[in-house]
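I have placed the structure first, in the form of structure tokens, so that the comments after it can refer back to it.
The values are calculated or read from the model by the stated rules, or taken from the named source; none is laboratory data. Treat the numbers as computed from the prediction; the structure is a model and nothing was measured. Backbone-built Cβ (ideal geometry, glycine too); neighbour counts: all protein chains shown. With ligands, DNA and RNA removed, areas are computed over all heavy atoms of the protein, side chains included. Shrake-Rupley method; radii C 1.70, N 1.55, O 1.52, S 1.80 Å.
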Amino acid sequence: MAHKLADELLKDILSPPLLVPDDMFANRDTVSPFSKVDRSAADVLLVCKRWMCVGTPALYHTVVLRSMAQAKALASALRRCPDFGTYIRRLRVEGSYGVNTCK
């Protein structure tokens with residue numbers, strides 16, 4: 001039955017767990033709200049290729065980088081699929097990247 005849903009409706013269904021609320025994104029508490037996440041919201045996109053295609057823009061809408069490994073993974077994904085970069089609307093960089101930020 002889900003295969004009969006229009007892409008627009010599927011996008012509306014998939015977006016809520018993937019989008020980061022403004023107050024959470026702007027949170028400046030000592031402990032990051034993103035450090036408390038124990039599973040990836042992107043797991044919903046693993047259901048099938050169609051869900052991945054429809055949900056990818058929402059996944060990349062807000063990017064939060066908390067480690068060098070995440071920054072490298074994002075760079076790798078953007079090298080493989082440069083179009084993903086057009087989906088990024090907000091970027092939050094946490095932690096200390098030092099001189100690596102300038103490279």
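The figures follow:
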read-out: Subset of segment 44-84 that is touching a residue at least 12 places away in the same chain (Cβ under 8 Å) and of a type in the set (Gly, Ala, Ser) - its residue that is farthest from residue 34 (Cα to Cα); value: 55
read-out: Residue satisfying all of: in segment 11-37; part of a helix (DSSP H, G or I) and of a type in the set (Ser, Thr, Tyr); most open to solvent (accessible area, probe 1.4 Å) among these; value: 35
read-out: Residues of segment 51-76 classified as assigned to a helix (DSSP H, G or I) and closer than 15 Å to residue 18 by Cβ, total; value: 11
read-out: Search result, residues across segment 62-78 that are at pLDDT 95 or above and in contact with a strand residue (DSSP E or B) (Cβ under 6 Å, 6 or more places away or on another chain); value: none
